[in-house]
1. Please work out which option in (i) 53, 31, 24; (ii) 52, 33, 28; (iii) 55, 38, 29 gives semi-axes √(5λ) of the Cα gyration tensor in Å calculated from these coordinates, and answer with its label.
2. Leaving out ligands and nucleic acids, note down the accessible area per residue over the chain with a 1.4 angstrom probe, in whole Å².
3. Compute the distance from the alpha-carbon center of segment 326-366 to that of segment 379-397, in whole Å.
4. If you place +1 on the Cβ of every Lys and Arg and -1 on the Cβ of every Asp and Glu, how big does the dipole about the Cα centre of segment 548-622 come out, in debye to the nearest 20?
5. At 1.4 Å probe size, what's the solvent-accessible area of residue 552? Round to the nearest 10 Å².
6. Per-residue accessible area for residue 357 at 1.4 Å probe radius, Å² rounded to 10?
7. Rounded to the nearest 500, what is the chain's calculated 222 nm mean residue ellipticity when only DSSP H runs of at least 4 contribute -39500 (n - 2.57) each, over all residues?
8. Under 26 Å from the Cα of residue 840, which lysines turn up, not counting those fewer than eight places away in the same chain?
Amino acid sequence: MTGPSPRIPAGKSVVPELPLAFTPRPRLRQRLEAATADQVVVVSAPAGSGKTLLLADWVRTSRRPETAWVSLDADDNDPRRFWSAVIASLRALTSMTEEGGLQPVAGEAALRRGVDLVEELADTLDALVTPVRLVLDDVHELTGPEVLRDLSRLIRRRPAGLRLVLASRSDPPISIPRLRLEGRLHELRADVLRFTLEDATALLEGTGLELTPPQVSVLHARTEGWAAGLRLAALALRRTEDTAAFLSDFSGDERSVAEYLTGEILDGLSWDTQDFLRVASVCSPLPAALAAELSAHADADRMLDALRQETALIERASPGNYRIHPLLRSYLVADLARQRPERFRQLQASAARWWYERDEPVHALRHAERSGDRELIAALVQRSGIALLLEGDLGPLRRALAAVGTDARTTNPWLALTAAITHLDARALPAAAAELENARRAWPETPSAGLEALRASALLLAVGLGLDVGSFPPTRNDPNRSDPEVEALLHASRGAAEFGHPGGADVDLARAELEQALELAGAHDLGYLEVQSLSMLATLAAMQGDLRLMATTAERAVAVAVRRGRHPSAWSAAPMSLLAYAELLRGDPTSAAARAEQSLGTWDPVPPEAAYTLHAVHGAAVADLGRRPVGLAEIRAARAEFGDTPAPPSMLAGLALLEHRVALLTGNLEAAAQVATWLRARVPEAGENLLLQAWAETAAGRYEAARVVVAPLHKSTVPVLLPQTRVEACLVDAEAALQAGDRPAGRAALEAALAEAETVGVVRPFALAGPRTQGLLSERAAANGRGPFAAQVAAARATVVAVPAALLSERELAVLALLPSLLNAREIADEFTVSVNTVKSHIRSIYAKLGVSSRRDAVLSAHDRGLLP
């Protein structure tokens, strides 16, 4: 942060005045007061919901803590301006002046010398004796990644002297799911802010209207308690002389409500102005230049600005850009479409072409769809579809492809191939196969280089996902000689195809192709492709056993998603899953679980590979923190949901190892056997199959057999997919030797494991090592276990719950299976033809191993561990 301190308008830090007809809402004030000192208050609701007035009333009626207020706008995306406004508002508080706060961080000098304002501000607020409240209004105006990152940092720092309140039209990107999970979020949303019938009565009375309870009920029902709707209704009612007739007509369907709310307002406008608004209403957002184009009014900017000043129904979003109130706009659009349908379609088509000429394909496609002009939609998709795909605008692209209709996709191979790629991205393989068949049947005799490149990309992606693509005519052109977007897609497709290659990935080829795709993505502003290329490069690093490179590359991918405002989202889910996996292997289950929760908490559908990885890592992390049954259930459910989806063998092996280890620690041998069988079926040649077999032998107390099983893993003849596998094999050797009393061999195996683990950067295996190995690790730490890696091992061992559950014998499992029944001990004994004392002995052993003291608790515990269906 350099340069002079920005000048902050005085009005930014003033608590808004309450209007004369303001309706107090004590119920909501009480909701706000219920927030604890450690919670961030978030008031999130659409425009017109009464957020600002509610908070202003709360601040004015609650004298403590003292409140600083900042009204935000788009200019506050400049971090210097934002923090200057925050600091200026805080410095104006009496308590800050008395305690001498903010002197180190306030003023131009601090902004120029580049100090970390967030840290210094947090330190200052931490030291306050008397807490202060900071209200940030209109947080939705903040979109800049730097200012959002700084705000998130302040929230994470949790300064003891700060009570933070955020008001926004949408959820601010401050890790809402994580705050909610930690109990640090106090939320008031649109459903809470809706006016109750009593609130509506008070509001209407405050405007001077004299309505009967039934009349108020009509307005309340029709507006659904929306504050702006009620105020608009009150405004219209004050301008009518026949309240009864107004309300009689007003009690129609939803369209009638909209017509009366807006029609009464429009009555005061000239016909020319009304027509101008109808034409302009087809657009949202509404640039003045587009309004001028559609309406033939060269002075559209002046007209919109005059309407903005005359009525609150027009807002200026930024210079030259306007927004018509949604209620008014919906009426105007419906009226135009109903009264002049051909004019409506022409305007939509004109708007589509206007936006396309300005390189805004998302807006262009939306208007083209509304025009119903399938030829226009098809032309726009053909011109912009691949760019939309690589920029991550998949929703608009899919809607447009659906809007062109099946006939267009069966005759236009470009549309069919584009649709196929969108289906492949969503792993909708049958739909992708159908579109590839459409493209094959419609294939021209002389295709362009771009079309052949698009075909090559689609086929590579399909083959990589195991799809039978049939046969296409041979290539006639060089597919690399095409548009930059198609060329970038082709490079990415070649790289991605290697992940599903039956003979194993050619890592060098995949890396070269993905790096070219990444370079093109950066050069042509293709954000989604940039994130996905980095994510696949991170996966390649993992496949080569370089976990450190995997993590740094995944961090780059997430940074790009953050910069694009798409984190957390489906964009960043895959690299986030790799980072969570890395944190788990580093012995930090708390961080791994938090990262996974953040990505899984997004509203976007998460890609299947990322969803499986995130759930598996989260389940393993939860298990490491002591909730093994819960963790195991999550991992098993994620694998079942993943099904037969194609994935890199290293990913399958890594997640199978997580599930198998948790199953054994839970005492669920059947679950461990199931995932071992699954891995052998999916990746039969992987050396990790031997590791799972050795773990099962170890769990059964057959240590020497386990050592024999892992012996081939120490040789290069057995393919190993994961860098930690040989570390785990050494730990199996160490435990076997120590159990046999051979301490020198056990110590040597442990040292080999430590040396290998430090090289690849894994720590978790030591936290879950066998009991004798744990003892040797403790001795080693007491003697000479210093250094960064030794400290990491010690921290992981202190965090991870490593004691395994006691295993039930086969006969105990058989007796356990009958405990949910109504059979008594004698009847169970008859089932097995043994004595009743033998059955009672088994039941006592079951109770001891499950840590319970009753039959009911034994059944509940067994259900939790997955030992009973």
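The values are calculated or read from the model by the stated rules, or taken from the named source; none is laboratory data. The shown structure was predicted, so the numbers you read here are calculated from the model rather than taken from an experiment. In this analysis, Cβ positions are derived from the backbone assuming ideal geometry, glycine residues included, and neighbour counts consider all displayed protein chains. Accessible surface is based on the protein model in full, side chains and every heavy atom, while ligands, DNA and RNA are left aside. Shrake-Rupley method; radii C 1.70, N 1.55, O 1.52, S 1.80 Å.
1. Recomputing semi-axes √(5λ) of the Cα gyration tensor in Å here gives the entry labelled (iii).
2. On the way: 37930 Å² over 869 residues.
Computed with neighbouring chains in place, this is 44 Å² per residue.
3. 19 Å
4. Numbers: 7 positive and 6 negative charges, 60 e Å.
With Lys and Arg at +1 and Asp and Glu at -1, about 280 debye.
5. 70 Å²
6. Taking all protein chains as shown, residue 357 has close to 140 Å².
7. That comes out to -20000 deg cm²/dmol.
8. Filter leaves 849.
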